[in-house]
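First comes the structure, then the notes that go with it.
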Amino acid sequence: MTKTTSNTENNKCCGITSCQLPSCIGKMSHWFLRIAIASVFIFHGVDKFPKIDMVAQMLDLPPLLVTIIAILEVAGGLFILLAPLVPKDSIKGMLTRLGALMLIPIIIAAIGMVHWGQWTFMATETHKMGGMEFQFTLLMILLFLFARGKNV
């Protein structure tokens, strides 16, 4: 006797039927934003630590402030990235919002101090660090994460 399988069983992948796959991906899509924003800020924060004095001189800021900025970049990125792994829903939202809140002033300051006056990200004679196109996009993502919290 031959065993027959239904179409649903043939279309399963990792326990999910093919018609459920878009819904499953949709539920996990918040990770795309979280990984993108966290990787940028964690990288920039970690990258500042070995050269605090150089960054401070370049931005004309006190080294202590640059150290605080680096810590906030790493912590804010980690909060946004790791918030969904916390079992309690109320804390997920709080960590996401807190992470975004740590980073929003930093990106606004970066736009104002370094990138303002030029839209395109390309470096020019007047804007050696490039314009504000990328930083504006980061700001919009952070505002979205802050507004939505765990409901990203």
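How about the range 34-90: which of its residues are modelled with pLDDT under 95 and among the hydroxyl-bearing types (Ser, Thr, Tyr)? Ser90, the sole residue that qualifies. Candidates are the residues of the range 66-117 that are free of Cβ contacts under 8 Å to residues at least 12 places away in the same chain and under 23 Å from Phe136 (Cβ atoms); the one that is surrounded by the most Cβ atoms within 10 Å (Cβ to Cβ) is Ala109.
Counting the residues of the range 31-65 that are surrounded by fewer than 18 Cβ atoms within 10 Å (Cβ to Cβ), closer than 21 Å to Thr137 by Cβ and in contact with a Pro (Cβ under 9 Å, 6 or more places away or on another chain) gives 1.
Listed by first and then second residue, the pairs linking a residue in the range 138-152 that is closer than 12 Å to Thr96 by Cβ to a residue that is not in a helix (DSSP H, G or I), with Cβ atoms under 8 Å apart and 6 or more places separating them unless they lie on different chains, are Phe144/Val152; Leu145/Val152.
The values are calculated or read from the model by the stated rules, or taken from the named source; none is laboratory data. Since this is a predicted model, take the numbers as computed values, not measurements. Every residue, glycine as well, gets a Cβ built from its backbone with ideal geometry; the counts of neighbours run over all protein chains shown.
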